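**Q** Right, I'll just put the structure down here and ask away after.
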């Protein structure tokens, strides 16, 4: 996907998110236990502003977070998205900026990350509003699957293994095959890290213990813990699947 496509989908998902999340700010968010829609809106605004500060200063924002916005959650969200849009418009995707992902220190990383962040939280807002989840386009969903597995899970396991605790140190190398549409990934967690093989090849293929398959939309939302997997097909040993789900939860907190 290119930056224009990410930004196009970002705008569509943000519009849906804002409309559903601000309708009832007291509504519980079932996919984020303990949160109300107010907490969700505040979190999204803060995420946007945090990335704006990183791009402006090329440094981690400090002090952070800012004081609560006296204008209220919806106004805070509008401020956050306006500043993020302006920052993206003033730069090119190739411009250098600080990110937490060492292999990609460009504005393009944040364009991708904010598109994926927004679609997941758009789903949270729909769940809070009690509405049907709007379909996630295949290109965004497939890209999101790759991002959460490679950029979030595998990178966190390598860079900050302590974040994954016993789930990682106790992993025994049994692989899980993930199929979404025509795409496939093999995920093999072990005590020393998480190996991701795109396309289903590589050494991990010899140690497949379980398989998950479904549409890109359904697989992405299961990986992010937003759905229970009822729309997916599972085969093989459930233990590696449960471990994968737990590792993803820890890696994406």
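The values are calculated or read from the model by the stated rules, or taken from the named source; none is laboratory data. Small disclaimer: the values here were computed from a predicted structure and weren't measured. So basically every Cβ, Gly included, is an ideal-geometry build from the backbone, and we count neighbours across all protein chains shown.
**Q** Exactly one of these conditions fails for residue 194: (1) part of a strand (DSSP E or B); (2) within 30 Å of residue 38 (Cβ to Cβ). Give me its number.
**A** (2)
**Q** Give just the number: which of (1) modelled with pLDDT of 95 or more; (2) farther than 25 Å from residue 134 by Cβ; (3) in contact with a strand residue (DSSP E or B) (Cβ under 9 Å, 6 or more places away or on another chain) does residue 217 not satisfy?
**A** For residue 217, the exception is condition (2).
**Q** Test of understanding: among 69, 78, which residue is surrounded by 14 or more Cβ atoms within 10 Å (Cβ to Cβ), at pLDDT below 95 and either outside any loop (DSSP other than H, G, I, E, B) or more than 18 Å from the chain's Cα centre (by Cα) (or both)?
**A** Step by step, each of 69, 78 is checked, and only 69 is surrounded by 14 or more Cβ atoms within 10 Å (Cβ to Cβ), at pLDDT below 95 and either outside any loop (DSSP other than H, G, I, E, B) or more than 18 Å from the chain's Cα centre (by Cα) (or both).
**Q** Another question, then. Would you pick out the residues in the range 3-27 that are in contact (Cβ under 8 Å) with a residue 60 or more places away in the chain and either in contact with a strand residue (DSSP E or B) (Cβ under 6 Å, 6 or more places away or on another chain) or not in a helix (DSSP H, G or I) (or both)?
**A** Those that are in contact (Cβ under 8 Å) with a residue 60 or more places away in the chain and either in contact with a strand residue (DSSP E or B) (Cβ under 6 Å, 6 or more places away or on another chain) or not in a helix (DSSP H, G or I) (or both): 23, 24, 27.
**Q** Hey, another quick one. Scanning for something free of Cβ contacts under 8 Å to residues at least 24 places away in the same chain and surrounded by fewer than 22 Cβ atoms within 10 Å (Cβ to Cβ), does the range 141-159 turn up at least one residue?
**A** No: the range 141-159 contains no residue that is free of Cβ contacts under 8 Å to residues at least 24 places away in the same chain and surrounded by fewer than 22 Cβ atoms within 10 Å (Cβ to Cβ).
**Q** Among the candidates 186, 168, 140, single out the residue that is in a helix (DSSP H, G or I), more than 20 Å from residue 104 (Cα to Cα) and not assigned by TED's automatic domain parsing to the domain that holds residue 73.
**A** Exactly one of 186, 168, 140 is in a helix (DSSP H, G or I), more than 20 Å from residue 104 (Cα to Cα) and not assigned by TED's automatic domain parsing to the domain that holds residue 73, namely 168.
**Q** Could you run through the range 53-66 and say how many residues are buried (at least 17 other Cβ atoms within 10 Å of the Cβ) and either touching a helix residue (DSSP H, G or I) at 6+ places or on another chain (Cβ under 6 Å) or over 29 Å from residue 154 (Cα atoms) (or both)?
**A** So the count comes out to 1.
Okay, residues lined up against (1) surrounded by fewer than 21 Cβ atoms within 10 Å (Cβ to Cβ); (2) out of contact with any strand residue (DSSP E or B) (no Cβ under 8 Å at 6 or more places or on another chain); (3) more than 21 Å from residue 144 (Cα to Cα); (4) not assigned by TED's automatic domain parsing to the domain that holds residue 29:
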position: 192; (1), (2), (3), (4): yes, yes, yes, yes
position: 195; (1), (2), (3), (4): yes, no, no, yes
position: 198; (1), (2), (3), (4): yes, no, no, yes
position: 208; (1), (2), (3), (4): yes, no, yes, yes
position: 221; (1), (2), (3), (4): no, yes, no, yes
position: 236; (1), (2), (3), (4): yes, no, yes, yes
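**Q** I need the full set of residues from the range 223-238 which are in contact (Cβ under 8 Å) with a residue 40 or more places away in the chain and in a helix (DSSP H, G or I), in order please.
**A** The answer is 223, and nothing else.
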